[in-house]
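A.B. asks: I have a structure I would like to understand better, so I am pasting it below and will then ask my questions one at a time.
Quick note: the coordinates plus some simple rules give every number you see, no bench work behind them. All values reported here derive from a predicted model rather than from experimental measurement. Here Cβ is always computed from backbone atoms with ideal geometry, including for glycine, and neighbour counts include all displayed protein chains.
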Amino acid sequence: MRVMEGVHSRPVHCDAGAVVIETTLEEGAEVPRHVHNSNQVTVVLEGSIVLGVEGLGEKILSAGEYMYIPPGKAHWAKSPYGVARVLDINWPTTPERAELYREIGGECL
């Protein structure tokens, strides 16, 4: 499902413990600065992204690499090098993450 310009997400898993969402970013796509009240690990499955985290700056992550984002830390992403596919794992499940999961067509247990 299209979440924003150039960004498409699909549900993978959701229960009280964690929310897992796979996202494809088209070349040039950007996910604006935002915050979650949960832990997040972003794993790059394909391609490369630039992932920024407040206080840590930006880092290029390629397929097989990941970054941990603590709760409450602003972060953003962009895909300047071509199409990229990532897996975002958030825990514990928060109401806003469960709502996003439902918005992209998943059912959160």
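A.B. asks: Can you work out which of the residues in the range 85-106 that are more than 11 Å from VAL43 (Cα to Cα) and hydrophobic (A, V, I, L, M, F, W, C) is surrounded by the most Cβ atoms within 10 Å (Cβ to Cβ)?
C.D. replies: Among residues in the range 85-106 that are more than 11 Å from VAL43 (Cα to Cα) and hydrophobic (A, V, I, L, M, F, W, C), the one surrounded by the most Cβ atoms within 10 Å (Cβ to Cβ) is LEU100.
A.B. asks: Just the residues that are without any contact (Cβ under 8 Å) to a residue 24 or more places away in the chain, assigned to a loop (DSSP other than H, G, I, E, B) and more than 19 Å from GLU22 (Cα to Cα), please, taken from the range 46-80.
C.D. replies: To start, the set of residues in the range 46-80 that are without any contact (Cβ under 8 Å) to a residue 24 or more places away in the chain comprises 53-65.
Pick out the ones that are also assigned to a loop (DSSP other than H, G, I, E, B) and you get 54-56, 63-65.
Listed by number, the residues that qualify are GLU54, GLY55, LEU56.
A.B. asks: Name the residues in the range 13-42 that are surrounded by fewer than 17 Cβ atoms within 10 Å (Cβ to Cβ), among the β-branched types (Val, Ile, Thr) and assigned to a strand (DSSP E or B), would you?
C.D. replies: Scanning the range 13-42 gives a single hit, VAL41.
A.B. asks: Right, here's the next one. List every residue pair whose Cβ atoms lie under 7 Å apart, where the two residues are 6 or more positions apart in sequence or sit on different chains, the first residue falls within the range 15-36 and is over 14 Å from ASP88 (Cα atoms), and the second residue, located anywhere, is in a strand (DSSP E or B) and aliphatic (A, V, I, L, M).
C.D. replies: ALA29/VAL7
A.B. asks: Can you tell me which residue in the range 81-109 is farthest from HIS8 (Cα to Cα), limited to those that are free of Cβ contacts under 8 Å to residues at least 60 places away in the same chain and touching an Asp or Glu at 6+ places or on another chain (Cβ under 9 Å)?
C.D. replies: For the range 81-109, the residue satisfying everything is TYR81.
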